[in-house]
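Worksheet: the structure to be examined is printed underneath.
What follows is calculated from the coordinates using simple rules that are stated; it is not laboratory data. Since the structure is predicted, the reported quantities are computational estimates derived from the model, not experimental observations. Reconstructed Cβ throughout: ideal geometry from the backbone, glycine too, with neighbour counts over all protein chains shown.
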Amino acid sequence: MDTDTLKRLAAEAALDYIKPGMVVGVGTGSTSNHFIDALGKAKIAVDGYVPSSLGTAARLQALGLRVLELNDTGDIPIYVDGADEIDPHFRLIKGGGGALTREKIVASAAHRFLVIADQSKDRQQLGKFPLAVEVIPFAQSFVARQLVKLGGNPTLRQHFTTDNGNVILDVIGLDLTDPLAMESKINSIPGVLDNGIFALRRADIVLLGSPDGVLRRSNASQ
Ligand code: 5RP
């Protein structure tokens with residue numbers, strides 16, 4: 001089975017968690033797009049969807065699905081999104097699509113954070129995938145120098161502006177053996193809006209598409 005099929009299987013399995021009357025947070029990326037397509041077909045009578053990016057909002061609307069503003073909903077029961085890396089402690093690297101800041105906000109507003117991915121995203125340790133850092137353009141060079149001091153090698157993502165009007169620095173070489181510490185260290189640099197380490201707000205449930213079916217993992221509290 002190819003990777004895209006495995007992503008679709010995980011995305012379709014997430015429908016089991018979506019119930020009528022819910023407000024559902026929806027992530028960004030190719031796996032989330034499969035989830036949106038599955039929602040379009042399933043026509044579950046939810047209250048509406050909170051998108052984590054303008055692209056996701058447009059895709060939901062194109063299928064006639066009701067889009068809500070996070071500012072109008074309060075906390076939401078569930079957020080479903082993809083990931084670039086997932087470790088055994090449900091910590092994640094996200095941001096390959098550059099939507100990490102809004103993704104982290106919606107994930108943090110959700111009681112349950114469900115991650116959907118193909119099994120290639122399953123890692124013993126985070127840090128192989130370049131870490132996306134969203135930076136206010138004014139601070140780009142300053143932040144890049146601070147990231148070098150932390151042991152990283154940042155590169156400006158070319159021809160890319162986030163939904164918040166900022167730039168992305170993709171960083172390789174950082175030591176992510178303590179993801180929680182690195183998440184907060186990077187976020188304390190003036191000019192950084194957020195970074196793609198999801199250690200403070202980890203996943204609650206992970207659905208991994210594999211050739212043997214969808215593997216389900218829950219953390220202790222779920
Ligand atoms: C976007 C993300 C995506 O969820 C992540 O990059 C995974 O993408 P895909 O589902 O296309 O593999 O964090 O900012």
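Before moving on, here are some points about what is shown:
- Between ILE168, ILE189, LEU200, the Cα set farthest toward the positive side of the dipole of the stretch 88-222 (charges on each charged residue's Cβ, about the Cα centre) is that of LEU200.
- Part-to-part distance (alpha-carbon centres) for the stretch 102-160 and the stretch 43-77, which is given in Å: 24
- Under a 5 Å amide H cut-off, with hydrogens placed 1.01 Å from N, VAL50 pairs with VAL24, GLY25, VAL26, LEU68 among residues at least 5 apart or on other chains.
- Electrostatic bookkeeping for ALA38 treats Lys and Arg as +1 and Asp and Glu as -1; over the other residues with beta carbon under 13 Å from its beta carbon, the sum is +2.
- Each stretch of four or more DSSP H residues adds -39500 (n - 2.57); spread over every residue of the chain, this sum gives -8500 deg cm²/dmol at 222 nm.
- Value of D in µm² per second that Stokes-Einstein yields for the stretch 131-195, Kirkwood Rh from Cα pairs, at 4 °C (1.567 mPa s): 112
- Karplus 3J(HN,Hα) series, Hz, for the stretch 212-220 with 6.51 cos²θ - 1.76 cosθ + 1.60 (x for Gly, Pro): 8, x, 9, 8, 10, 10, 10, 7, 3
- Net charge contributed by nearby residues that have their C-beta within less than 11 Å of ILE205 (K/R +1, D/E -1): +2
- Measuring r between the beta carbons of GLU69 and GLN125 and using R0 = 30 Å, the FRET efficiency lands at 0.20.
- In the calculated pair-distance distribution of the chain, the portion above 23 angstrom amounts to 44 percent of the Cα-Cα pairs.
- Largest GNM mean-square fluctuation among ASP81, ASP178, ASP37, using the chain with Cα springs under 10 Å: ASP178.
- FRET efficiency for the pair LYS43 and ARG216, taken as 1/(1 + (r/R0)^6) with r the Cβ-Cβ distance and R0 = 30 Å, rounds to 0.80.
- Estimated vicinal HN-Hα couplings, Hz - the stretch 16-23 in sequence order (Karplus 6.51, -1.76, 1.60; Gly, Pro = x): 4, 9, 9, 10, x, x, 6, 9
- As a rough guide to protection, the peptides 108-114, 131-137 ranked by mean Cβ packing within 10 Å, highest first, stand as 131-137, 108-114.
- Karplus-derived HN-Hα couplings along the stretch 114-119 (A = 6.51, B = -1.76, C = 1.60, θ = phi - 60°), whole Hz, x at Gly and Pro: 9, 9, 10, 6, 7, 5
- Whether the stretch 56-164 is rounded, prolate or oblate, judged on the alpha carbon gyration tensor where a/c under 1.5 counts as rounded: oblate
- Counted over the stretch 1-113, the DSSP beta bridges are approximately 15% antiparallel.
- Within the chain, percent of DSSP bridges classed antiparallel, to nearest 5: 55
- Formal net charge of residues neighbouring GLY173 (Cβ-Cβ distance under 14 Å; K, R +1; D, E -1): 0
- Cα gyration tensor shape of the stretch 68-120, rounded if a/c is under 1.5, else prolate or oblate by comparing a/b with b/c: prolate
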